[in-house]
Amino acid sequence: MWTADGDGSSRYLAAFATGDGPLPGSVALGSLGYPPGTRAVVLRTGQDIGTLASDLPVTLPAHGTALAG
């Protein structure tokens, strides 16, 4: 996982599945420095993930990536 601060209150997160198998599951927002109630959008597709209570769902194929903001 990689995180970065953007303009104003914007933050970005990138997830990488570096192994030969998929990366299923979720990540606790607090472990990444995000507060509960964070709103997320998949930047590549524009898919609105919505307001997240405590976890960010992450499901990637082998060698896959995702970028959210």
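Once you list every other residue whose beta carbon is under 14 Å from the beta carbon of Met1, what net charge do they have if Lys and Arg are +1 and Asp and Glu are -1?
Local net charge: 0.
Where in the stretch 1-59 are there chymotrypsin sites (Phe, Trp or Tyr not before Pro) that are in a DSSP coil and have at most 13 other Cβ atoms within 10 angstrom of their Cβ? It would help to have the intermediate numbers written out before the result.
On the way: sites: Trp2, Tyr12, Phe16; in loops: none.
Filter output for the stretch 1-59: empty list.
Scale the Cα Rg of the chain by the rule-of-thumb value 2.2 N^0.38 Å and send over the ratio, two decimals.
Expressed relative to 2.2 N^0.38 Å, the Cα Rg reads 1.07.
Among residues other than Ala40 whose Cβ falls under 14 Å from its Cβ, what is the net charge (Lys/Arg +1, Asp/Glu -1)?
Residues near Ala40 contribute +1 overall.
For Arg11, which sequence-distant residues (separation of 5 or more, or a different chain) have an amide H within less than 5 Å of its own amide H, given hydrogens modelled in the peptide plane?
Those qualifying (amide H under 5 Å, at least 5 residues apart or on another chain) are Gly6.
May I ask you to list the trypsin sites (Lys or Arg not before Pro) in the chain that are in a DSSP loop and have at most 14 other Cβ atoms within 10 Å of their Cβ?
Arg44
All of the numbers you see were taken from the coordinates with simple rules; none came from a lab. Remember, it's a predicted structure, so these values are computed and weren't measured experimentally. No Cβ is skipped: glycine too gets one built from the backbone with ideal geometry, and neighbour counts run over all protein chains shown.
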